[in-house]
Amino acid sequence: MNQAESHKIYPDLKPLRFQALRWLIILAALAAATYAFSFFSGTSKAEPGPKSGKQGPGSKFGQHNDEQTPVAVETAVQGDFPVYLKGLGTVTGLRTVTVHSRVDGELVRIAYSEGQLVKQGDLLAEIDPRPFQVQLQQAEGQLQRDQALLKNAEIDVERYKKLQEQDSIAAQQTMTQEALVKQYLGIVEMDNAQVANARLQLDYAKVKAPISGRVGLRLIDQGNIVHASDANGLVVITQTQPIAVVFTLPEDKVPAVVKRSHSKEAIKVEAYDRAGKSKLAGGKILAVDNQIDPTTGTVKLKAQFDNTDQNLFSNQFVNIRMHLHTLPGATLVSSSAIQNDTQGAFVYVVDQDKTVQMRRITLGPTEADKVVVLSNLAANETVVVEGTDRLREGSKVDIAQKDGQAVAASHETVANPNGRFHKRDRS
């Protein structure tokens, strides 16, 4: 039998094998899907957990009527509470002076270092003094000449008076000589003024500090010709001890500030850095502006600081805390205890039977993390500061922490990663 005949009798079996393999794969996939469906259906029909109302281990904690909610509490305290007003301010020199030359000439000497603290009257710079020394010599020479003429005229007056007594000369000649003496007296006075002016110009050649303070960067270098009419000047001096801060407060705070300013006691203020964390200096209110800025609705105040540590610089941005007054015997709680809803502020107060009641309160001023409660809460009452989101009126609580200290209980109270408390049975 040749090859062609054998192929007709026994066809190729490869396609049949491929089709069988494909059907086996499909049947295996159907079996796996059926098993998975039956497995998950059985899991979903598993028996529910205990009917005691508590959720099983590993489930999220939820409040039920027969279990207590772990919370952290604190005791409301009574104490004096300082009330502060806060504002944003800019440091300004109590006095800032641009030093100019008062005479024209060459700048031959710089006598200060940039950034140096100087005292009033210290030498800052020197203008070439030689032209002014020459002017002084001229004025002094003119004065000496006119003084000599005056002296001679006075001698002639005395001689004329004796001759007049002897009827040797006319009285008119004596009177003329007396008028000449007065003329020379006027000339001498003018000469004295010229000498004083020349000495003043010579003194102006030495540029001195008009105030005490810190000098800035020099505005002109040695060797330049300076003029009294120059716009820029030689250097700027800013008085930094004491120094001032101008800050603003909202206009609704003005009545309280004005009332406080009527007292004889100084209103103390504190200056803090830009972050409001580091105290830079302490001072007192110097003045309150006489009008409110209508564009911002604020009023300006000026405070003065001794600045002995040189922590304040001109044009520095600072945060200001002004001590307005102190509330004596105020009821204080942490701000974390305060809750708010559409009706206002309230706290959860814990009774002796560890049941909470929602108490509406009236809030006062706040400072740091403490709040003044003006009404409906007394000192020594216990309020909830953590775990309030799971509480309702009449809820039972388990105190896990009181006044920052852990409280022992029959179960272990632990904190979730988000900081909330939940209970875990010690057994």
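The values are calculated or read from the model by the stated rules, or taken from the named source; none is laboratory data. Only a predicted model underlies this, so the values are computations on that prediction, with no experimental measurement involved. For neighbour counting, all protein chains shown are included, and Cβ atoms are generated from backbone atoms with ideal geometry for every residue, glycine included.
Residue-by-condition table, conditions (1) more than 22 Å from residue 345 (Cα to Cα); (2) assigned by TED's automatic domain parsing to the domain that holds residue 337; (3) at pLDDT 90 or above:
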| residue | (1), (2), (3) |
| --- | --- |
| 382 | no, yes, yes |
| 388 | no, yes, no |
| 393 | no, yes, no |
| 406 | yes, yes, no |
| 415 | yes, yes, no |
| 419 | yes, yes, no |
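In the set (1) more than 30 Å from residue 321 (Cβ to Cβ); (2) touching a helix residue (DSSP H, G or I) at 6+ places or on another chain (Cβ under 7 Å), the condition left unmet by residue 249 is number (1). Among the criteria (1) surrounded by 15 or more Cβ atoms within 10 Å (Cβ to Cβ); (2) over 29 Å from residue 209 (Cβ atoms), the one residue 239 does not fulfil is (2). No other residue among 344, 276, 329 is farther than 30 Å from residue 393 by Cβ and either of a type outside the set (Lys, Arg) or out of contact with any helix residue (DSSP H, G or I) (no Cβ under 9 Å at 6 or more places or on another chain) (or both) apart from 276. Of everything listed in (1) surrounded by 12 or more Cβ atoms within 10 Å (Cβ to Cβ); (2) within 30 Å of residue 129 (Cβ to Cβ); (3) out of contact with any helix residue (DSSP H, G or I) (no Cβ under 6 Å at 6 or more places or on another chain), the single unmet condition for residue 231 is (1).
If you go through the range 361-368 one residue at a time, do you hit one that is surrounded by 18 or more Cβ atoms within 10 Å (Cβ to Cβ) and under 15 Å from residue 332 (Cβ atoms)? Checked against the condition, which is being surrounded by 18 or more Cβ atoms within 10 Å (Cβ to Cβ) and under 15 Å from residue 332 (Cβ atoms), the range 361-368 yields at least one hit. Here the strands (runs of 3 or more DSSP E) wholly within the range 299-399 that include at least 3 residues being out of contact with any Pro (no Cβ under 6 Å at 6 or more places or on another chain) and more than 30 Å from residue 278 (Cβ to Cβ) are 339-341, 344-350, 356-360, 370-375, 382-386.
Taken together, the residues in the range 196-213 that are closer than 10 Å to residue 126 by Cα and not in a helix (DSSP H, G or I) amount to 4.
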